[in-house]
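No value in this document is a laboratory result; all are computed from the given coordinates. Note that the structure is predicted; figures quoted are calculated from it, not measured. All Cβ positions, even for glycine, are placed from backbone atoms using ideal geometry, and neighbour counts span all protein chains on display.
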Amino acid sequence: MPAQDDITPAVLAKLTAGLKRVQVQNLISQSVQNDRPLTLKFLTARKKELIEAESGGLLEFVQSRFDLSMVAGNDAAKGKLKDAAAALRAGKTDVLPMGYVICGRWAPARLF
């Protein structure tokens, strides 16, 4: 199986966690048949597509046009979210909680 240097069996296992065995086999087969290396970008994109398809249209991953730099205050919460994003990018999902509850006042920004 062609693989990028950073895609070790352990990384592959983490990146495909939650997928069915047949889906993982399909990803590997696609890689071999197309002589395309298993890259982080390829695996994350295909996993997203598989999860969206499996949800029957009830789930869609969207890329926000906003980021945490647009949030005023709540520096501790923003720090936690930035740490979580870094862990996700590094494939270290074992250090992440199931979710976050962030409380506080919300006020919409005024546009002039």
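In a simple Cβ point-charge model (Lys, Arg +1; Asp, Glu -1; nothing else charged), region 1-85 has a dipole of about 100 debye relative to its Cα centre.
Tell me which chymotrypsin sites (Phe, Trp or Tyr not before Pro) from region 25-76 have a DSSP coil assignment and no more than 16 other beta carbons within 10 Å of their own.
Answer in residue order: Phe61, Phe66.
Annotation note: trypsin sites (Lys or Arg not before Pro) in region 12-62 located in DSSP loop regions with a Cβ neighbour count of at most 16 within 10 Å are Lys20. Computed from the Cβ-Cβ distance with R0 of 25 Å, the FRET efficiency linking Leu58 to Lys14 stands at 0.50.
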